[in-house]
Amino acid sequence: MNSFISYTCKGVPGTGVISGGKTYALPYKDMRECIASGFDTTRKKDINTGGIKLLSPILPSKIVCLGWNYAKHVKELKPAGGGPIIFLKPSTSVIGPDDSIILPKISKQVEHEIELGIVVGKKGKDISLDKADEYIAGYTIILDMTARDLQAEARKKGDPWDVCKGFDTFAPIGPGIVPKKYVPDAGRLALELKVNGKPRQKSNTSEMLMKPPEIVSYVSEYMTLEAGDVIASGTPEGVGLVKDGDVIESTIEKIGYMRNYAINE
């Protein structure tokens with residue numbers, strides 16, 4: 001399996017690939033160029049990993065999120081109407097592995113939501129279901145951090161959710177992008193989130209109401225998808241509070257492991 005990464009090495013940004021337990025540099029200016037190459041690794045070079053810091057593998061032009069895509073999570077939060085809905089997170093909310101999630105003063109109830117991230121491979125609009133898989137470049141982990149108290153207020157008023165979802169640092173993404181050829185069945189992956197070593201969310205993408213190709217087709221009915229966009233496919237049950245000093249560990253089968261830290265603003 002190859003996992004494609006963005007990083008800095010001694011302060012210099014780069015794009016690379018982790019393959020067979022080794023890290024290599026690739027000659028691409030950014031991850032979009034790497035995706036456009038078809039994740040070509042023929043020009044990879046050895047790199048000294050001593051000074052490497054992983055970044056979010058990509059800075060998407062938009063993060064499209066699907067809410068209420070796991071039946072048990074719908075029961076957990078009891079939304080009016082239920083069923084998958086679409087909302088957006090800004091690119092300014094993106095951070096990478098081992099970065100800190102800043103808990104804003106304005107909220108007293110920030111919660112974690114682990115999600116399978118679908119990375120879009122090419123531009124498309126009104127994509128038919130039978131063609132949707134062609135628009136998926138690969139998969140990653142994304143945390144959809146949520147100020148739940150602000151969300152509850154917005155739901156009561158019928159207001160949009162952008163405020164509770166869009167704070168800086170509220171979208172950790174990583175550790176890399178795994179091309180779809182290494183994930184033949186993204187609709188059957190184990191996922192788990194731990195806080196301070198204790199399991200909070202543990203489920204499987206088989207529990208999703210809409211699977212990745214359906215999600216891509218559905219979202220493209222409403223907006224144009226572009227290469228490098230990330231679609232967060234929804235979270236399972238078990239969402240919970242994070243507080244200052246918490247260590248959040250996210251794992252998705254075949255995709256990888258990501259760790260983040262919660263700190264007060």
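The values are calculated or read from the model by the stated rules, or taken from the named source; none is laboratory data. All values derive from a computational prediction rather than experimental measurement. All Cβ positions, even for glycine, are placed from backbone atoms using ideal geometry, and neighbour counts span all protein chains on display.
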*So which of Thr169, Thr92, Thr140 ends up being polar (S, T, N, Q) and part of a loop (DSSP other than H, G, I, E, B)?*
Thr169
*Test Lys156 against the criterion of being of a type outside the set (A, V, I, L, M, F, W, C) and surrounded by 15 or more Cβ atoms within 10 Å (Cβ to Cβ), and give yes or no.*
no
_Single match in Val247, Val242 (criterion: among the aliphatic types (A, V, I, L, M), assigned by TED's automatic domain parsing to the domain that holds Lys122, at pLDDT 95 or above and touching a His at 6+ places or on another chain (Cβ under 6 Å))_ = Val242
*Quick one: which of Asp159, Asp149 is over 24 Å from Ile35 (Cα atoms) and either touching a residue at least 60 places away in the same chain (Cβ under 8 Å) or assigned to a helix (DSSP H, G or I) (or both)?*
Asp149
_Residue identified as surrounded by fewer than 22 Cβ atoms within 10 Å (Cβ to Cβ) and either in contact (Cβ under 8 Å) with a residue 24 or more places away in the chain or within 19 Å of Phe87 (Cβ to Cβ) (or both) among Lys198, Lys165, Lys125, Lys181_ = Lys125
*Every residue from segment 213-232 that is under 21 Å from Met31 (Cα atoms) and not acidic (Asp, Glu)*: Val216, Thr224, Leu225, Ala227, Gly228, Val230, Ile231, Ala232
*Within segment 207-227, tally of residues that are at pLDDT 95 or above and outside any loop (DSSP other than H, G, I, E, B)*: 10
*Hits in segment 228-265 (condition: closer than 21 Å to Ile5 by Cβ, of a type outside the set (Val, Ile, Thr) and part of a strand (DSSP E or B))*: Ala232, Glu249, Ser250, Gly256, Tyr257, Met258, Arg259, Asn260, Tyr261
*Does segment 107-119 include one or more residues that are at negative phi, in contact (Cβ under 8 Å) with a residue 12 or more places away in the chain and exposed (fewer than 15 other Cβ atoms within 10 Å of the Cβ)?*
yes
_Just checking, does segment 75-82 include any residue being in contact with a Leu (Cβ under 6 Å, 6 or more places away or on another chain), assigned by TED's automatic domain parsing to the domain that holds Gln201 and surrounded by fewer than 23 Cβ atoms within 10 Å (Cβ to Cβ)?_
no
*Hey, could you check segment 180-200 for residues that are part of a strand (DSSP E or B) and out of contact with any helix residue (DSSP H, G or I) (no Cβ under 9 Å at 6 or more places or on another chain) and say which is nearest to Leu129 (Cα to Cα)?*
Glu192
*Of all residues in segment 15-31 being surrounded by fewer than 19 Cβ atoms within 10 Å (Cβ to Cβ) and under 19 Å from Pro60 (Cβ atoms), which is nearest to the chain's Cα centre (by Cα)?*
Asp30
